[in-house]
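Values in this text are rule-based calculations from the coordinates and carry no lab data. Being a predicted model, the structure only gives us computed values, none of them experimental. Counting neighbours? That spans all protein chains shown, and the Cβs are built from the backbone with ideal geometry, glycine included.
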Amino acid sequence: MIKIKLMVNGELLKKLEYSSPVTIKQITEEQNLAELNILACKVSFHYKHQNYLIESDCNLNCLTVAGLAGLSIYQDTLIFIMMKAFSNLYNYNPDLVVEHSIGDAVYCEFFKETETKEEVAVKLTEEMRRICEADLPIERLEIPIQEAINIFGKQKREDVIYNLKTYKNPKIGIYKCGEYYDYYIRQLAESTGYASVFEVKPYNGGILLRFPLRKSGKLSPEFKISKKLFDTNQEYDKWLNIMKLHNVSTLNQYGETKEIQEIILMEESLQEKKIAGLADKILNNKECKLILIAGPSSSGKTTFAKRLSIQLRINNFDTIILGMDDFFLPRTETPRKANGEFDFESIKSMDLEYLNSALTEILSGKRVQLPKYDFKSGTQQLSNEFVEMKNNSVVIMEGIHGINDALTPAIPAENKIKIYVSPLNQLNIDYHNRIPTTDCRKIRRIVRDFQYRGYSAEETLERWESIREGEEQNIFPFQENADFMFNSCLTYELGVLKKYAVPILQKVPTFSSSYVESRRLISLLEHFSDIPDNCVPFNSILREFTSDSAFDY
């Protein structure tokens, strides 16, 4: 008998037994899973076509838009369809460029002055609908590098060709739909019919391609976009143009010369200038007594807080840094998730009454003994540290709930400044392959967890979906509450992190549920040339994740 554990997005659905080999398609049809819109399937953690014949015991994991992996497949498949539609309409490439993600969409710019963005959006929508309704097969081809170079040469895809010329593997996987070819570093669905829910709309100087929501599989009825976040992305895009960094291939070209050091120093100087500018704005705000810093995991919040503290001291501030983690509730009072695990990322895990009482006393000038949370025992204890505000003092507190107004209701709004920190990476592999900010943060986290916490890449990857769920509930909804946004991305960072991350990722075993993701991240990093650590300043945010930082953590 062949024993199969049928799973959907990693959750066990049913245990099946077959007396003879069976295809994935037979199983999904027998189990009436068509309505789930299965985008891809993994057999024992490896992607397989729906006609793949299962001949031995295995786990069969069906991915849908309700899971992180499935959502990523859906989004990239839609981008592929959009690019094919654009090619069909205008017969040239790569004139539609994916710039960055924003909310539930990606922002794209195109270079065709004869038509308005409104006209392009209408035509793209119609052609994409036609392609989706035709349910055209999307084939993945594993071909020699030179053959891929020839294919993309005919499509005038110089952005892809340079990457291929520096790619170290003899073969590469590309995607084909009819006579259209494209290269994607992530998995796509098997046909165009799987990604039929979308919206193309004009925005700013380009267009937005909207994706369905993860849980419902439908478009959000209310389209909301964070203008502050969009403007921060656009500002960084202008900076990349100043540095003439258009994609990874141009970064690698700099890496072959001494110019990479200049690029690094320019980018680090820009961040320092931004931090100094924030310190000046705080100086000009006479009411500010509390600075709250928040952002998703591995954004470099701690280093940012330390560097901001230095700039504030230059402005004659006395800075008091408080740890938000020291105000956790006792473990016995910590809320739990639906699966029974402690929900440390919920704001309900914070002792809000104690936190607000302590802050009120500190800001009023009283001498206050600070707490220290013991994570081993799950109890809150008093430390030996006392703080007392001076006339020129300002308190800095960093943590995931910093920009949520529910954290500090006792502190008047005029006394607070809220700063959102996140690496908003806009340096793409090529014109069609964006590098999601989550990938940058994930790689940072893998390196830091291994370096400082002793966690394997497998352990970090297995926790990532839970981390993302916490961010979606506790951080992203409050982005627009921030008074300022700081982009902690460093365009060169993956070239530095590569030497740390790849050996760690290579240790993920083939039977692990994280194996496919580890291979994908390795494939992403292979596009980057190595950049030596000695190019990185010791106060860089990147040092928070590697080693030899000027700061203690």
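Taking 7 Å steps out from each Cα toward its Cβ at residue 5 and residue 369 produces label points 5.0 nm apart. Based on Cα atoms of segment 69-225, Rg over Rh with Rh as the Kirkwood radius reads 0.96. Here the spin labels are modelled as points 7 Å beyond Cα on the Cα-Cβ line, and at residue 158 and residue 550 they lie 4.0 nm apart. Using just the C-alpha positions of segment 418-524 as equal point scatterers, what log10 of I(q)/I(0) does the Debye formula give at each q in 0.09, 0.14 1/Å? The Debye formula, applied to the Cα set alone, gives -0.26, -0.62. Only one residue of 87, 254, 216 has its Cα farthest out toward the positive end of the dipole of the chain, where Lys and Arg carry +1 and Asp and Glu -1 on Cβ, and that residue is 254. For segment 251-295, the list of GluC sites (Glu not before Pro) that fall in a loop by DSSP and count at most 12 other C-beta atoms within 10 angstrom reads 256, 287. Extension gain, residue 53 to residue 333, is 95.8 nm, computed as 0.36 nm per intervening residue step minus the present C-alpha separation. Each residue of segment 263-275 was assigned a 3J(HN,Hα) from its phi angle through the Karplus curve 6.51 cos²θ - 1.76 cosθ + 1.60 (θ = phi - 60°); the sequence is 4, 4, 5, 5, 5, 5, 5, 4, 4, 5, 5, 5, 5 Hz, with glycine and proline shown as x.
Among DSSP bridges having both ends in the chain, what percentage is antiparallel? Round to the nearest 5. Bridges in the chain that DSSP calls antiparallel: roughly 65 percent. Taking amide hydrogens as placed 1.01 Å from N in the peptide plane, the amide H of residue 54 sits under 5 Å from those of 22, 23, 24, each at least 5 positions away in sequence or on another chain. Think of the chain as a dipole: +1 on every Lys or Arg Cβ, -1 on every Asp or Glu Cβ, centred on the Cα centre; then among 205, 108, 551, 551 lies furthest on the positive end.
Rounded to the nearest 10 degrees, the inclination of helix 227-242 to the longest alpha-carbon principal axis of the chain is 80 degrees. Here the relative contact order of the chain, from alpha carbon pairs under 8 Å that lie six or more residues apart, stands at 15 percent.
Straightening the chain between residue 392 and residue 223 buys 56.5 nm, computed as 0.36 nm per residue apart minus the Cα-Cα spacing. Only helices enter this figure: runs of n ≥ 4 DSSP H residues, each worth -39500 (n - 2.57), summed and divided by the residues of the chain, yield -11500 deg cm²/dmol at 222 nm to the nearest 500.
Amide H contacts under 5 Å for residue 491: none, restricted to partners 5 or more places along the chain or on a different chain, H placed in the peptide plane at 1.01 Å from N. Of all beta bridges that DSSP places with both ends in segment 2-64, some 75 percent have antiparallel geometry. Local charge for residue 59 was computed over the other residues whose Cβ lies under 13 Å away, with Lys and Arg +1 and Asp and Glu -1, and equals +4. Here the chain is treated with +1 on each Lys and Arg Cβ and -1 on each Asp and Glu Cβ, and its dipole about the Cα centre works out to around 460 debye. Taking the convex hull of the alpha carbon positions in segment 328-457 and averaging its projected area over all directions gives 12.0 nm².
Against the chain, whose longest principal axis is taken from its Cα atoms, helix 493-505 shows a tilt of about 70°. Overall form of segment 2-64: rounded. Here a/c, set by the Cα gyration tensor axes a ≥ b ≥ c, is under 1.5. For segment 409-536, the Cβ-based charge dipole about the Cα centre amounts to some 260 debye (Lys, Arg positive; Asp, Glu negative; other atoms uncharged).
Across the cross-link table entries 5/48; 201/418; 376/507; 227/348; 215/337; 156/244, which are compared at the Cα atoms, the separations over 23 Å belong to 201/418; 376/507; 227/348. Of the residues 400, 191, 27, the one whose Cα sits farthest toward the positive end of the charge dipole of the chain, with +1 on the Cβ of Lys and Arg and -1 on the Cβ of Asp and Glu, is 400. Taking R0 as 25 Å, what's the FRET efficiency between residue 235 and residue 313 from their Cβ-Cβ distance, rounded to 0.05? After rounding, the FRET efficiency stands at 0.40. At q = 0.07, 0.09, 0.10 Å⁻¹, what is the log10 ratio I(q)/I(0) for the chain, with the Debye formula run over Cα points and no solvent? Scattering profile of the chain, log10 relative to I(0): -0.44, -0.74, -0.91.
Dimensions of segment 215-293 based on its C-alpha atoms, expressed as ranges along the principal axes with the largest first, amount to 46, 46, 20 Å. Within straight cross-link reach of residue 228, meaning Cα distance under 13 Å, which aspartates and glutamates are found once same-chain residues fewer than 8 apart are removed? Output for residue 228: 480, 483. Could you tell me the distance between the Cα centroids of segment 158-234 and segment 330-368, to the nearest Å? Value for the Cα centre distance between the two parts: 40 Å. Exposure proxy for 63, 12: other Cβ atoms within 10 Å of each Cβ, ordered fewest to most, give 12, 63. When you filter the chymotrypsin sites (Phe, Trp or Tyr not before Pro) in segment 448-523 for DSSP loop state and at most 12 other Cβ atoms inside 10 Å of their Cβ, you are left with 511. Taking the Cα centre of segment 2-64 as reference, the dipole from Cβ charges on Lys and Arg (+1) and Asp and Glu (-1) amounts to some 140 debye. Distance between the pseudo-spin-label points of residue 269 and residue 242 (7 Å out from Cα toward the beta carbon): 1.0 nm.
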